[in-house]
Amino acid sequence: MSNTTPLVFVTGNANKLREVKDILSQGGNSIEIESRSLDIPEIQGTTIEVAQAKCRRAAELINGPCITEDTALCYEALNGLPGPYIKQFMAEIGHDGLNKLLVGFDSKKAEAVCTFAYAAGAASEPIIFEGRTEGTIVCPRGPKVFGWDAVFQPLGYDQTYAEMPSEEKNKISHRGKALEKLKAYLRAL
């Protein structure tokens with residue numbers, strides 16, 4: 001990647017954009033990001049299938065290199081659901097509903113999954129960078145301003161993502177792990 005040309009991150013989510021910029025600016029040779037909000041229908045499928053389709057379409061629409069991101073929240077008791085459909089679940093049932101989905105189940109374990117896809121251009125096949133963080137689903141705690149952060153408590157921590165300072169969350173989060181892989185790839189180009 002050229003250090004003078006910003007990489008287009010296709011998102012309309014200001015919180016996600018801020019977090020991605022924070023993570024990609026850490027360390028030497030920060031990667032400059034600009035965002036574009038595009039209306040791209042999401043297919044049904046695995047996190048990787050969803051991410052690849054979204055990135056392919058975004059690269060076609062902007063006719064150039066871009067990254068896209070898809071996030072999943074996978075409940076052990078529900079065999080991985082809501083998974084990549086977490087955005088719709090969150091919109092329909094909110095934080096309390098996400099917690100109530102597990103009423104009657106012994107396991108509250110969940111895995112947060114972030115899948116970034118990078119396409120060098122409209123004709124290129126997207127490359128996938130995935131990060132995962134194990135945790136549990138808890139009653140909502142902390143600010144309810146960024147997705148499902150208030151109900152996800154990473155394994156080994158006594159705070160939800162929403163309760164953590166952003167610097168700490170970025171170091172351990174599914175998004176941070178995926179972006180570290182993407183950053184290494186882009187710096188090697």
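The values are calculated or read from the model by the stated rules, or taken from the named source; none is laboratory data. A quick note: this is a predicted structure, and the numbers were derived from the prediction, not measured. So basically every Cβ, Gly included, is an ideal-geometry build from the backbone, and we count neighbours across all protein chains shown. Heavy atoms of the whole protein, side chains included, go into the accessibility calculation; ligands, DNA and RNA do not. Shrake-Rupley method; radii C 1.70, N 1.55, O 1.52, S 1.80 Å.
Select from region 26-66 the residues that are under 26 Å from residue 188 (Cα atoms), hydroxyl-bearing (Ser, Thr, Tyr) and within 16 Å of the chain's Cα centre (by Cα) and list them in ascending order.
Across region 26-66, the qualifying residues are 35, 47.
How many residues, within region 125-141, are open to solvent by less than 40 Å² (accessible area, probe 1.4 Å) and of a type in the set (S, T, N, Q)?
1
What tally of residues in region 20-44 results from selecting those that are under 15 Å from residue 115 (Cβ atoms) and either at pLDDT 90 or above or among the charged types (D, E, K, R) (or both)?
Qualifying residue count, region 20-44: 3.
Residues 48, 23: which one is surrounded by 15 or more Cβ atoms within 10 Å (Cβ to Cβ), touching a Leu at 6+ places or on another chain (Cβ under 6 Å), among the aliphatic types (A, V, I, L, M) and outside any loop (DSSP other than H, G, I, E, B)? Write out each step before concluding.
Numbers: 48 fails: touching a Leu at 6+ places or on another chain (Cβ under 6 Å).
Sole residue among the options that is surrounded by 15 or more Cβ atoms within 10 Å (Cβ to Cβ), touching a Leu at 6+ places or on another chain (Cβ under 6 Å), among the aliphatic types (A, V, I, L, M) and outside any loop (DSSP other than H, G, I, E, B): 23.
Just give me the residues in region 51-83 being under 11 Å from residue 126 (Cα atoms), in a helix (DSSP H, G or I) and among the hydrophobic types (A, V, I, L, M, F, W, C), in sequence order. First the steps, then the outcome.
So the first thing to find is which residues in region 51-83 are under 11 Å from residue 126 (Cα atoms), and the list is 51-59, 65-68.
Narrowing further to those that are in a helix (DSSP H, G or I): 51-59.
Scanning region 51-83 gives 51, 53, 55, 58, 59.
If I ask for residues that are polar (S, T, N, Q) and either at pLDDT below 95 or buried (at least 23 other Cβ atoms within 10 Å of the Cβ) (or both), which ones from region 100-124 would you list? Steps first, answer last, please.
The initial filter retains those residues of region 100-124 that are polar (S, T, N, Q), namely 107, 115, 124.
The answer is 115, 124.
Taking the options 177, 144, 169, name whichever one is assigned to a helix (DSSP H, G or I) and either more than 21 Å from residue 48 (Cα to Cα) or open to solvent by less than 10 Å² (accessible area, probe 1.4 Å) (or both).
Working: 177 fails: either more than 21 Å from residue 48 (Cα to Cα) or open to solvent by less than 10 Å² (accessible area, probe 1.4 Å) (or both); 144 fails: assigned to a helix (DSSP H, G or I).
After ruling out the rest, the residue left standing is 169.
Which pairs turn up if I take residues in region 23-38 that are under 13 Å from residue 176 (Cβ atoms) and look for partners that are open to solvent by less than 50 Å² (accessible area, probe 1.4 Å) and aliphatic (A, V, I, L, M) with beta carbon separation below 7 Å, at least 6 apart in sequence or on another chain?
23/179; 24/31; 24/33; 24/179
Does any residue in region 85-106 that is over 23 Å from residue 48 (Cβ atoms) and part of a helix (DSSP H, G or I) come within less than 6 Å, Cβ to Cβ, of a residue that is open to solvent by 40 Å² or more (accessible area, probe 1.4 Å) and hydrophobic (A, V, I, L, M, F, W, C) six or more places away or on a different chain, and which pairs are these?
Short answer, once both residue conditions are applied: 99/139.
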